[in-house]
Structures are given as C-alpha cells and as structure tokens.
C-alpha cells in the first residue's frame, strides 16, 4: 500500500494541522518581532547587516525592519508583503498592519484548537470587517465635528503628525511636525513628494534641522566663476564635457609629422569650444551637468561668467530640472527647443562644515528642501525615514481630510460594537466574533506596554470609559493615563486606518485558508551551467 | 518590566519563546559594549591625560590623545559600540574639540541607566527624563557663560591653549595658541563675520626641526620641489605666477595616433617640429611676462618633459609641477588669479603677483614658499614642523582642534570655565532641580546629575590626584557659590579656574551634553539586534 514518493527529492510537504501550525508560528513570530516598535513610544531595533561592511541601521519603521529580514516561513512572507504594500500605498501604518494581522491569527489559532473550522472563522472575520467599515465611515461623519474643533487643515495635520512621528525624533517632535506640515502645505494639495528634497548633514542636533524654500545641491561651483547669480537661466544637461571621444574601436590616425598631431589636438579642442559655444548660445548663466566638466570647458564658462556645476548626480539633476521647470538636454543644436530652468537667485551657503549651492525662487513654487541635522548617521537615517512617513501620511490626509481619533480610540469603539454583536449572535460564530474584538484590543494594549505603562489597568479603564455614549477616550502615552483624544488633538488618517484593517484581514484570511504547504525542491545551480 | 509580563495574560504555547529576558540582555550587552569603548579613551581626558599608541592594520603607528582619532581607529564591530564612535565623530564635526569628553559623559550616563533599568524603570521614561535634563543642562551652561568679543585676542588665545594643553604638544601651547587664533581671524570674512571655513586654512606638514619651528605663513607653501632638472631658477622676485591646467609637452590627441616615419631625414624633422612646438608655447608664456608656473598634475600625459624644462629654464621661468586638482581652488583663491586651461587663453590678467617665490630647504626636503602676494585672498597657510612623523601628525591634529575651538568662538561668542567647573555646577543645579520634580523623572534626573561628576573625577584621576577628595571638595566649593571653582591640575588643588585662564568655548560643552544624551537615548531605545542581509 506504500505509495512511492510523488514529489521530487528535497521537496517537502506539510499537511493539515502541521501546516497550519507552521504558518501560525511564522506569522506570530514576525508580529512579536515588530510589535515593540508600535506606537509613539515604541522601541528601536538594530539591523546588523551580515553582508559586506557590517552596516548598522537603527530603526523603528516596520517596513524597513521587515523588508531586510531573512525569512523562510511562507506565512511570514505574506505579512512582510502586506507591510510593503501598506508602505507603497499610504506610507504609514506598516507596523500596525502586521500587528493586527498577527493578533487576528493568534486568536484564530485558539479557535482552531477549540475545534472551530477555519472557514467559519474566515467568514466571521469578513462579516465583522464589513460591519466595521460601515461603522468607521459613520464615525467619520461624526468626526466632521472634530474637523470643526481643529478647524483648519494645518492644525489637524499638526496634531496628527505629533502622534505619528516615531520616537527617535523624541521631544523635537513639535519642531518636526511643523517642518512636515510646512513642507506639505507648500505642495498645495498635490501628492508629488518629489518636490520635497531631504538633505542629511551630520553634526548639530535634530533641532537645527530646517526647511528652506527652493532647492539645495550638494556640489561645488567651478573655479573663477560667479558665486552668486540673480535671475538665473539654468540649462540642465547630461553630456560628456571631458573630451568628445571618438569611440570607434581601434580608430587610429596616422600622420607623418608632429605639427599634424598638434593640429589634431587643436581640432579636438576646437570641437569642445564649439560645444561650449552652442551651450552658451542658449543664453544661459548657469549650466549644470551630470558628468564631469574638465578644466578647459570650465575655463571657457568662467570667461563667459557662466556658473557651471559638474558631476551633479542623476537624482540631483532630475529634481533640479523638475523644480526649475527645465528639461534635461543632451544635444545643443536647437537652442529654441530646449526648455531652460529659471530661478531668482543662486548662491553658496554653508551648512555645518560644508558649502552647498542654494537655488531659491524656483519656478515650481511648491518645491522646498528639508535639511536634517543630527548627531550621527543613524539618527539622520532614522529621522529621514520618519519624516518620509509623516510626509506621506500628511499629503494623503490633505487629500482625504477624514480623520479618526488616535490613541487606540477606533479600536476600542469597534471592540465595543463587535462585543455587542457577539452577544446577539447565536452559535459558534459568537466565539469568533469575540476573538476579533480581543485582537482589536491588543493594539492599545501593545501601545501601552511599549510606553512602559500598566496596560492591563489602562485598557480596563478605557473599556469602562467606552461604555458611555460618545466617548472620546484613548490612551495618552505622554501623561500615561486615559485622556480625551479630541481635546489632546491626537488624530489618525482614516485612509491609513482603513488600509490597515483591510489588508490585515485579507492577510489573516489567506493564511487561515492554508492547509498544506508544499516546498519545492530548490533549483540546482549546476543545471544552469 | 513587571507591567509587561502582567499585561500578557493571554499567552499561549506559541508565545512561549517571547521572553523579555532577552530584551534586557540585549540592552545590557549594548550598554557594556558602548562603555568598553569609553573605557579605552577615558584615560586620555584632560591636560594630564595619557596618550594611546595605535598600530593600524597596515603597520602604521599613531600616537594620539584625540578621542575621535582613537575611537575611529579601533575598528569596533558591535553596533552599539559603533554608535559611540560615531558620537565622537559628530562632536568632532560639530565643535572640533571635546571628543573624549563626549564619550566619557555618554559612558557615565549609560552606567547610571543600567542601575535605573535594574530598578525596573522603563527605558522610555529614562529616555524622556534624560532629554529634559539635557535641555535644562544647556540652560545652566548658557547662564554660566561669559560673553566674548572677537577683538579680545587674549581670551581667544586662552581658550585655544586650554585645548592644546591636553595634547601631546602641550609644551608648545604658547606658540601654537596665538598661531591658531591669528590664522582663524585672518580668514574671517567681514561680510559674514560668524562663518569660518577651515578649508581656507591649509596645514602643511614637513618633517624635521621641532614643533617650535612651526610658523604661520602669509602666503602659500608647497610641499614640493621646484623642477630644476635643467637648471632653472629657484628664486624669483616680483613673481608673476600662472596656474596652468595644460601641459607643456609634445601634443597628444584623444584619438590614438601614430607618426609614420619612412626615412631618416623625416625623423630629424619630427624632432625639430617637437622643439618648435614647445618653444612656441613657451614664447607665448614668456610674452605675458610670467615667470613662475604652477602646473596641475595630469594623468593623461607628462606635465613637462625634460625638453620643455630646458627651454623654460632658459626663459628664466620657475616651474612647480604636479599640483593636485583639489588644491587649485585654494591656490587661485590665495593668489587672486585664475587657472588657465589652454595656451590660447594665456593672458596677463589671469596672472597672480607676489613679491617673492623661493625654494627653501628644510630638514631633509625642500619647500616652495610664495610670500608678499598682491591682493591676497582670505587664506592662511600653517607650516607645521616636527622631529618625527608621529609628533608631526599629532601636532597637526592638535592644531586642528585648536582651530576648531577658535572657530566655535567666532560662531558663538561665549566662553565657559574649564577644569571640570561647568560639569560640577551642572551636577549641583540639576541635583537641586531633581528635588522639585515628581515621580520617576526626579529619580532619573538625579542620576543624570550624578553621572556628570565623572568629568572632574576622571580629570583628577588622570592627573594622579585623589579623585574622591577632589570631587567632594569641588562640590563643597560650588555649594558655597563659587561657580567657577575647578580643578587646577598643575597645582593639584581647587582654584578659581577663570583666574587661571582655563577657558573653553560654550559650544564645546553644550554640544557634548546634547550629543551624548541623544546617543544614550538611542541606545536605550534599542531592544533587539536583528541580523539582516
């Protein structure tokens, strides 16, 4: 009766209970890894690279942690994927989504152990989710009231960022919130974050970070050229300005005298001069090139008092073209067809020990630069990540201004509703519904734990508060007690919250449905030879 | 972490691997590793601090007492220890001095945190209190500071010598301190009085002589020989200097070229042509009246050939070759001239003028000095001498620190007492403040205050004094209101440190406190080390 192997060597198969267990364990392990980073007082992780250089990253951003992990467990990979999607879609809530999915699975595991079929659990989760969404939308309507409290958008955003910025920025949050809000307000409703440039300069402290209108390029101005230009006309180019090499393989010139060699050299120089003349024919006074500009053309530019910047990187010139309204040119035969960039003033500024070039009064009015300062590279990198998250969310919120209260308020409201639903539902389903509510309450619990508060006590208090109608209570981690979220002005974006809920449930559902894991045999390297 | 364990009543069997013990262990391991770095540098603190000898992987030996250099060369691997190394680096870039101090403070804070953690206080609470305390500390320091005028050269020299006194070259501080002050003041642009770019001060090191021979040169110094293979001039008065970025050698095209020679007469002709070509160039140069050439290094071809050198010598033109491209900006700024990239553009108005360009032999080598430059830019050159490479390097580092100190004073014009006085005063005031605070915060701030006593303690210890006696007496004097009482390491007793002329810029102290707390807070918040790709 022995069936010989169906699968290849090295391929493995796990079935039923074992498969489910494997995916639960994997997903919960990932959740436990990131859950200490949740909330405004979450902890950080050191990511130590095993690759070359043993680089060290200190971070609190869920997506960053998860995407750099070595993972073999398929269920864990699903969670990492939802975190990535969350990052791409809304830019924030990357930890929350994983934690919620993990908590749902943790509860589901217990239900499965109590002999409730996974499909029942899935259908309940889905139903509750639908219900939850409806309620959330209606809560948002109620929040029109909240909108009036924090009447203009700017304040809403401000309070909201305060809650969201992870803790590395610590007490400098107010400063950063102001930075982020100012930057996003400049965008005037567009979600094009490209116009916000972030420059990191070690030294100073986080408080010295500042927002500057215009664009800053971390390059030097050529020798003997003007250091300050008003009403600049800028040509952004990507062209070889070293020597126009004739790149014909093996091309070779045979001559019979030294003076002819000199002539050829002269001709080459002449060609370069031609090129520079063509460039100058655009009527510019600033020339930015992605490639090197050699001494010879540099001097020609200096003679014509044109400011020339060499070796600006790809990112730099693309942004510069964007913000000054120019186009990147690589041929210079038709001056009329090339779009030049414009700005009011170009000058050299000094940040810390370095000199940078500042373009102000640029065509694209919304463009601005955030210069981050901080004690070390770790601090700076983390500050950049946090600021990026904040900017993402803020720009989304500016578009969809619906906000929910923060501090675990939405979870508690929903948990209460779901509990009531459970009481009305007969049969096994009520267990699953209760489980859902427990998973929701886990989020405020973790936030409280991370802040070093007594979560059991706080969550119980919160639950009691929420039994009153129209309650605004949430966890105030700063003072370590239950507070009125509307008064404290702590808010979260509706869009983020919705995305968190939907993707968490989808992921949980996907993992629950699994009853068999087939691991394919790894492809052998020799095959490719 | 009692609250955390209590908060997870719903633990199931899959949760069993979550143990908070590991998190504590990681935090402790991080703190220990970070403190190990600090232990390595702490003996080098203060005027009587010791030096470290570091032998690097490539066999080079460095002797230094600069905290940033030591920690930089240690090649630590543990992530938290690396953060301390970075901390020292950022103090170096922010203030330039106090690189040892910042590491020692961070380590003392971490030590206190360890006790707080073991008392069951949550890391975020400690971190927040630390932040509050550091803000308060900066306020206290600012209140203690004495304002300063840039015209007050005496005070500037005093603070530069405080920095130099803790270095290997301390016996030369009377020479180096005024030198640092003069060089920084000479590059301050009146239009932007609080900006100093240290790149405008060039430090040239030359082996030989002693540190005593170090001098400030109003002009340019090249650590190069004049090319006189063909007997060209080595001294030129009323020099007209050209900085050229082209080469005086036979032509070379970018396309590969070869000259086809079919018979003997042609060869002769080619040689003649080559001579004519070079002669043509030199005539053009001579026509402008130029008599000194500085030639940029080129990787494509020889800057000068023997032949061109010969002609240049005949035309009485002095040649310095192989000038690096990075140096061109400094040179042109100093000489107030423009670089010339092509022989066609060789014009009189692009030349720089100087009274004297000469080759001077120093020790075993020779240098080229350019002095009496007309319309000189705001730059300065310092020629550092030393009897061996190790002393020379250390002298350069010390001078850099002194320059940074003066720069700090230019940008933030406040002085503060040295000798451990600000730290003990901080400790006293924060201690008093902690009594007004409530709950955990008060407890944490008190620990912070205690941690700051590490600076006078280490200062005394390194000077061979009895640290406990000194620190207690210091505390006593401060309690009686002598806020400027500090450790006088020379006399081995407590005196009014301001009267002893031991002063340092406010910026060094404040940035040491803020950077150290920022770093400690970061280490505290880490609860896991994850290995990633």
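The values are calculated or read from the model by the stated rules, or taken from the named source; none is laboratory data. Computed from a prediction, not measured in an experiment: that's the story for all the values here. Quick reminder, even Gly has a Cβ in these numbers, built from the backbone with ideal geometry, and neighbours come from all protein chains shown.
Per-structure values
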item: Residues (free of Cβ contacts under 8 Å to residues at least 24 places away in the same chain and in contact with a strand residue (DSSP E or B) (Cβ under 8 Å, 6 or more places away or on another chain)) located in segment B:51-102; result: B:52, B:53, B:54, B:55, B:56, B:73, B:82, B:89, B:93
item: Selection status of residue A:67, surrounded by 22 or more Cβ atoms within 10 Å (Cβ to Cβ) and more than 30 Å from residue A:431 (Cα to Cα); result: no
item: Filter result (closer than 14 Å to residue B:343 by Cβ and part of a helix (DSSP H, G or I)) within segment B:293-310; result: B:308
item: Given (1) closer than 27 Å to residue B:185 by Cα; (2) part of a strand (DSSP E or B); (3) free of Cβ contacts under 8 Å to residues at least 12 places away in the same chain, number of the condition residue B:372 does not satisfy; result: (3)
item: Segment A:95-127, residues that are without any contact (Cβ under 8 Å) to a residue 40 or more places away in the chain and within 19 Å of residue A:497 (Cα to Cα); result: A:127
item: Tally, over segment A:235-259, of residues that are in contact with a helix residue (DSSP H, G or I) (Cβ under 9 Å, 6 or more places away or on another chain), facing chain B (nearest Cβ under 9 Å) and at pLDDT 70 or above; result: 6
item: Strands (runs of 3 or more DSSP E) within segment A:444-521 that include 1 or more residues within 13 Å of chain B (Cβ to nearest Cβ) and within 17 Å of residue A:40 (Cα to Cα); result: A:473-476, A:481-484
item: Leading residue by the ranking (farthest from the other protein chains (Cβ to nearest Cβ)) among those in segment A:260-300 that are in a helix (DSSP H, G or I) and under 40 Å from the mean Cα position of the chain (by Cα); result: A:279
item: In segment B:257-292, residue farthest from the other protein chains (Cβ to nearest Cβ) [restricted to those that are at pLDDT below 80 and not in a helix (DSSP H, G or I)]; result: B:263
item: Any hit, segment B:405-423, residues being in contact with a helix residue (DSSP H, G or I) (Cβ under 7 Å, 6 or more places away or on another chain), without any contact (Cβ under 8 Å) to a residue 40 or more places away in the chain and surrounded by fewer than 20 Cβ atoms within 10 Å (Cβ to Cβ); result: no
item: Selection count, segment B:88-137, where residues are more than 10 Å from chain A (Cβ to nearest Cβ) and within 30 Å of residue B:407 (Cα to Cα); result: 15
item: When residues of segment A:373-388 are limited to those that are within 8 Å of another protein chain (Cβ to nearest Cβ) and not in a helix (DSSP H, G or I), the one modelled with the lowest pLDDT; result: A:375
item: Residue tally, condition modelled with pLDDT of 75 or more, within 14 Å of another protein chain (Cβ to nearest Cβ) and surrounded by fewer than 17 Cβ atoms within 10 Å (Cβ to Cβ), over segment B:150-196; result: 0
item: The lone exception for residue B:254 - which of (1) within 29 Å of residue B:293 (Cα to Cα); (2) modelled with pLDDT of 75 or more; (3) within 14 Å of chain A (Cβ to nearest Cβ) it fails; result: (2)
item: Number of positions in segment A:106-125 that are more than 14 Å from chain B (Cβ to nearest Cβ) and assigned to a helix (DSSP H, G or I); result: 8
item: Residue tally, condition touching a residue at least 40 places away in the same chain (Cβ under 8 Å) and closer than 27 Å to residue A:121 by Cα, over segment A:441-458; result: 4
item: Scope segment B:328-347; condition facing another protein chain (nearest Cβ under 7 Å), part of a helix (DSSP H, G or I) and in contact with a strand residue (DSSP E or B) (Cβ under 6 Å, 6 or more places away or on another chain); matching residues; result: B:328, B:332
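Quick grid of which residues meet (1) within 14 Å of chain A (Cβ to nearest Cβ); (2) crowded, with 24+ Cβ neighbours inside 10 Å:
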position	(1), (2)
B:453	no, no
B:456	no, yes
B:465	no, no
B:472	no, no
B:477	no, no
B:481	no, no
B:486	no, yes
B:496	no, no
B:511	yes, yes
